[in-house]
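See below for the structure under consideration.
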Amino acid sequence: MAEDTITTTGIARHGGTRLPSVEVDSFNVELKDDEGFLGDRASKGAFRKILDGLRKPLKKNGDDPLGKRSASDIAKTDLDEALVGDDVGAAALVHGAIEEFAQELAYVTGRFLKTKAWADTERIVVGGGFRQSRVGELAIARTDIILKAEDFDVDLVPIRFHPDDAGLLGTLHLAPSWIFEGHDSILAVDIGGTNIRCGVVESRWKKAPDLSRAAVWKSELWRHADDEPTREGAVKRLVKMLKDLIATADAEGLKLAPFIGIACPGVIDEDGSIEKGAQNLPGNWESSKFNLPASLVEAIPQIGDHDTAVLMHNDGVVQGLSEVPFMQDVEHWGVLTIGTGLGNARFTNRRKESGKDNGKDEKKAKKGRD
């Protein structure tokens, strides 16, 4: 089944460890301690829990400067404003939560760095929704300081792109570079526990063969958590979003490649099935009878005049891949995505040559296959 699926849905193995620019040393690792999964200690929910814990004694006296709302109901923008506002008590609370969370994130990161798969990691980029706030940026910076104080020789930095864009841009690095020579854009899908985002991503390969100037041309967002669809309903809506984007790209004269890159939670098997980790998606996506890449090929068999190729990988991996062009000064690097959970992946760069050389190598490889 695996081989059949590969030949009909893509040009490589889903969830593969060997990608055009990097080796994926590990991803979606679930470390545990006596209290459970370590990732739960450094998630978006963990930060909110820490903040509510600091507020608890104040609430008894009616002195909580953040009001009556629970932390989960306070927007990131409101917390950011509290940091710089006139209410020093509110600022102190948020700073206190940042410090405690940074200690937790440093502990969890240190545990990753002590594993064999993460040995010699030189830089870690932090993505996910939590990063897209001043609170998140301060927590990342503080964690970096803590790790250095504990003699970890690693840099912790915020992901360069907005996390929503990073999840789409990273799919470019799933595709072999020769696919960009005759096309200027691809379709990208980023599936999450709350949203499904689809987009048309321009490679801008002729201007920057290393894909450092790639950009999301157009995207659409569907909050499936609001609609609570069935699995089949979710796939149907996804297909419609993709077909709409294909029509829009065609109308605007974009040369869309016959390629769909997908970022999806969980452990992705090489045949496109999901082994585990998809529990927050609508319906049972871990069923042996369900294969999203095959479903998309069946619904969209061609893009333009060519057969559709689909390649799917873990969402943390894909978000990290958006950083590939900017990680060429190190050899081993990783990504942590702070959201509902803590996504993770570790990479080793495959080569240091320029993007043009990479493109020539891929072109030669394609010629050899033909």
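What ranking of ASP307, ASP269 comes out by heavy-atom accessible area, probe 1.4 Å, highest first?
In descending accessible area the options line up as ASP307, ASP269.
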Accessible area of ILE74 in the full protein assembly, 1.4 Å probe (Å², nearest 10): 10 Å²
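Loop-only check: which GluC sites (Glu not before Pro) in region 20-114 are DSSP coil with at most 16 other Cβ within 10 angstrom? Provide the component values of the computation, followed by the final result.
Details: sites: GLU23, GLU30, GLU35, GLU81, GLU99, GLU100, GLU104; in loops: GLU30, GLU35.
Sparse-neighbourhood loop GluC sites (Glu not before Pro): GLU30, GLU35.
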At most 14 other Cβ within 10 Å, DSSP loop - trypsin sites (Lys or Arg not before Pro), region 236-343: LYS255, LYS289
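Would you mind telling me the share, in percent, of accessible area of region 93-233 contributed by carbon and sulfur at probe 1.4 angstrom? It would help to have the intermediate numbers written out before the result.
Numbers: 2650 of 5820 Å².
Using a 1.4 Å probe with all protein chains present, region 93-233 comes out at 46 percent carbon and sulfur.
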Percent accessible area from carbon and sulfur atoms, region 29-92, protein chains only, probe 1.4 Å: 51 percent
Accessible area of region 266-355 belonging to carbon and sulfur atoms, whole % at 1.4 Å probe: 42 percent
Spin-label pair LYS255/LEU31, simplified geometry with 7 Å Cα→Cβ offset, distance in nm: 4.6 nm
Accessible surface ranking that places the most exposed of SER322, SER21 first, with a 1.4 angstrom probe: SER21, SER322
Gain in span if fully extended, LYS289 to SER70, counting 0.36 nm per residue against the direct Cα distance: 74.8 nm
Inter-part distance where region 149-191 and region 108-127 are each reduced to a Cα centre, Å: 19 Å
Heavy-atom accessible area per residue - the chain, 1.4 Å, Å²: 46 Å²
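What GluC sites (Glu not before Pro) does region 214-316 have in DSSP loop regions with at most 12 other beta carbons within 10 Å?
Details: sites: GLU220, GLU232, GLU252, GLU270, GLU275, GLU286, GLU298; in loops: GLU252, GLU270, GLU286.
Taking region 214-316 and a limit of 12 other Cβ atoms within 10 Å, the loop GluC sites (Glu not before Pro) found are GLU252.
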Computed over region 238-288, Cα set: Rg, Dmax in Å: 14.6, 40
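Given a 1.4 Å probe and heavy atoms of the protein chains only, how would you sort LYS76, LYS207, LYS116, largest accessible area at the top? Walk me through the numbers on the way to the answer.
On the way: LYS76 75, LYS207 145, LYS116 190 Å².
Descending accessible area places them as LYS116, LYS207, LYS76.
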Global geometry of region 17-88, whether rounded, prolate or oblate, following the gyration tensor of its Cα atoms and the 1.5 cut on a/c: oblate
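If I take R0 = 35 Å and measure r between the Cβ atoms of ASP244 and ARG350 in this structure, what FRET efficiency does the formula 1/(1 + (r/R0)^6) give, to the nearest 0.05?
Working: r = 36 Å, r/R0 = 1.01.
Efficiency, from the Cβ-Cβ distance: 0.50.
The values are calculated or read from the model by the stated rules, or taken from the named source; none is laboratory data. Bear in mind the structure is a predicted one, so any value in this text is a computation, not a measurement. Note: ideal-geometry Cβ built from the backbone for every residue, glycine included; neighbour counts use all protein chains shown. Keep in mind that these areas ignore ligands, DNA and RNA; they rest on the heavy atoms of the full protein, side chains included. Shrake-Rupley method; radii C 1.70, N 1.55, O 1.52, S 1.80 Å.
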